[in-house]
Amino acid sequence: MITPATLDLFQKNYPQLALRAEDQEVFRLQGIKKNLEGGQTLLGVQAQCELLPFVLEGSLRVFQSAASGREIILYHINQGNSCILSALGILADRGFPAHAKADEATTLILLPGALLKRFVDRYPPWRDFVFPLYSDRLD
C-alpha cells in the first residue's frame, strides 16, 4: 500500500500520469513502495514481469551479463522514468531478459501489471508514457 505522501511524490515525479480520484485510491491500495539499497537486485534474467517500476529517488541499472562475466549496460532508469523491458514483459506476458539492480539507494513504486493494463486502456497519457519508452531507449 502506498501512503498519501508517496502518492504525492509519484505525482510530482510523473505529472503527466494524472489519475481520477477513484483510480488514485486503487493505485494507493495496489501499488507497492519498495526501497532498495545500492547493488540490490530488483529483477533477474527470466523473472516474470509482474510489476512496472517507477523510480521516485535513485537509479536502477538494467544490464545483461556477457559470457566473460562483464556487465553490458543496456540503460539506466532515473527518477521520473520507468523500464521498457518490464512494460513489454507485462504487455506481452514474457520474462525479463536482463538484470535490474539499484545503482544507489533507490525508492520505487511497483505497479501491478493488471493495473498498468487498466491505466493504459483508460488514460491516453499512460499510453503516451509507456509506448515511447521503447523509442527513447533506442535513441
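Of note:
- Within region 13-25, if we keep just the residues that are part of a helix (DSSP H, G or I) and open to solvent by less than 30 Å² (accessible area, probe 1.4 Å), the residue that is nearest to Ile109 (Cα to Cα) turns out to be Asn13.
- When Leu43 is tested against (1) among the hydrophobic types (A, V, I, L, M, F, W, C); (2) at pLDDT 95 or above; (3) farther than 24 Å from Asp128 by Cβ; (4) crowded, with 16+ Cβ neighbours inside 10 Å, exactly one condition is not met: (2).
- Among the residues of region 68-123, the one identified as under 17 Å from Leu17 (Cα atoms) and among the acidic types (Asp, Glu) is Asp121.
- Here Ile73 meets each of (1) part of a strand (DSSP E or B); (2) in contact (Cβ under 8 Å) with a residue 24 or more places away in the chain with one exception, condition (2).
- Any chance Arg61 is closer than 23 Å to Trp126 by Cβ and not small (Gly, Ala, Ser): no
- Residue count for region 66-77, restricted to those that are of a type in the set (A, V, I, L, M, F, W, C) and loosely packed, with under 13 Cβ neighbours inside 10 Å: 4
- Unique residue being closer than 23 Å to Pro132 by Cα, touching a strand residue (DSSP E or B) at 6+ places or on another chain (Cβ under 7 Å) and either in a helix (DSSP H, G or I) or open to solvent by 70 Å² or more (accessible area, probe 1.4 Å) (or both) when the list is Phe63, Phe10, Phe54: Phe10
- For the residues Ala21, Ala114, the requirement of being under 18 Å from Thr6 (Cβ atoms), free of Cβ contacts under 8 Å to residues at least 12 places away in the same chain and out of contact with any Asp or Glu (no Cβ under 7 Å at 6 or more places or on another chain) singles out Ala21.
Yes or no, residue by residue, for (1) modelled with pLDDT of 90 or more; (2) of a type outside the set (Ser, Thr, Tyr):
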site: Lys12; (1), (2): yes, yes
site: Leu52; (1), (2): yes, yes
site: Val55; (1), (2): yes, yes
site: Gln64; (1), (2): yes, yes
site: Ile73; (1), (2): yes, yes
site: Ser82; (1), (2): yes, no
site: Ala92; (1), (2): no, yes
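The values are calculated or read from the model by the stated rules, or taken from the named source; none is laboratory data. Note that the coordinates shown come from a computational prediction; the quantities given were computed from them, not determined experimentally. Glycine gets a Cβ as well: all are built from the backbone with ideal geometry, and neighbour counts include every protein chain shown. Areas reflect the complete protein model, heavy atoms only, side chains present, ligands, DNA and RNA absent. Shrake-Rupley method; radii C 1.70, N 1.55, O 1.52, S 1.80 Å.
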